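Down below is the structure, laid out as structure tokens.
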Amino acid sequence: MDRTRVGLVLMALAPLVSTSLAQTQAPAPRPGATAAPAAPASQPVPTEPSVTTASFGDWTLRCQRVGENGKASRICEVAQSMQAQGQQTPIAQVALGRLTAGEPLRVTAVMPVSVSFPSGVQIIMADKDAKPVELGWRRCIPAGCFADAAVGDEVLRQWRRASEAGRIVFKDAAGRDVALPLSPRGLDPALDALAKEKL
């Protein structure tokens with residue numbers, strides 16, 4: 001997996017793994033046991049935030065600082081999470097971003113692990129006659145399966161103009177087509193804000 005996909009995948013994964021990380025924290029001490037004192041902070045706190053977010057309708061602009069202070073860089077993306085009614089953990093997520101200036105935007109989809117192979121993911125976000133964007137599967141881990149593709153300027157123009165809900169289509173483990181709604185609300189200003197971010 002190249003650096004572009006790694007960066008987008010790590011950011012897209014953050015909401016999906018937060019629940020499991022919370023469940024793997026150190027257990028509470030046994031009754032009667034003394035707790036060890038907290039370790040002093042070994043590194044200074046940076047003067048700039050490590051993660052920032054901004055909401056644009058149904059899309060969120062997320063930026064994260066990565067690397068050492070002298071070589072720190074920012075990874076930014078716009079993303080949308082899909083949640084089942086009554087659940088807080090996302091069942092799927094779509095993100096658009098790039099790691100370095102000059103590279104084309106890539107769209108990454110994080111889908112449930114119950115998918116069929118061989119297959120792929122389609123994103124349809126425009127009028128009914130628009131050609132879907134085909135995303136190829138890259139890998140599956142316990143938190144989800146990842147698919148991605150480069151997105152051209154014409155596709156982005158269509159997505160920015162979309163006024164009706166689009167959809168993400170994939171095949172589940174039983175080989176059935178599953179469609180999840182994808183909202184265009186806020187994508188246009190979110191992409192404008194993404195373009196202003198310095199990498």
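What follows is calculated from the coordinates using simple rules that are stated; it is not laboratory data. Treat the numbers as computed from the prediction; the structure is a model and nothing was measured. In this analysis, Cβ positions are derived from the backbone assuming ideal geometry, glycine residues included, and neighbour counts consider all displayed protein chains.
With neighbour counts taken as other beta-carbon atoms within 10 Å, the residues Val51, Val133, Val169 rank, fewest first, as Val51, Val169, Val133. Scaling the Cα radius of gyration of the range 85-199 by the globular reference 2.2 N^0.38 Å produces a ratio of 1.08.
Stretching Arg138 away from Ser116 to a fully extended chain increases their span by 6.6 nm, per 0.36 nm per residue minus the current alpha-carbon distance. All distinct Cα pairs of the range 139-199 go into the 1/r average, and the inverse of that average, the Kirkwood radius, is 14.1 Å.
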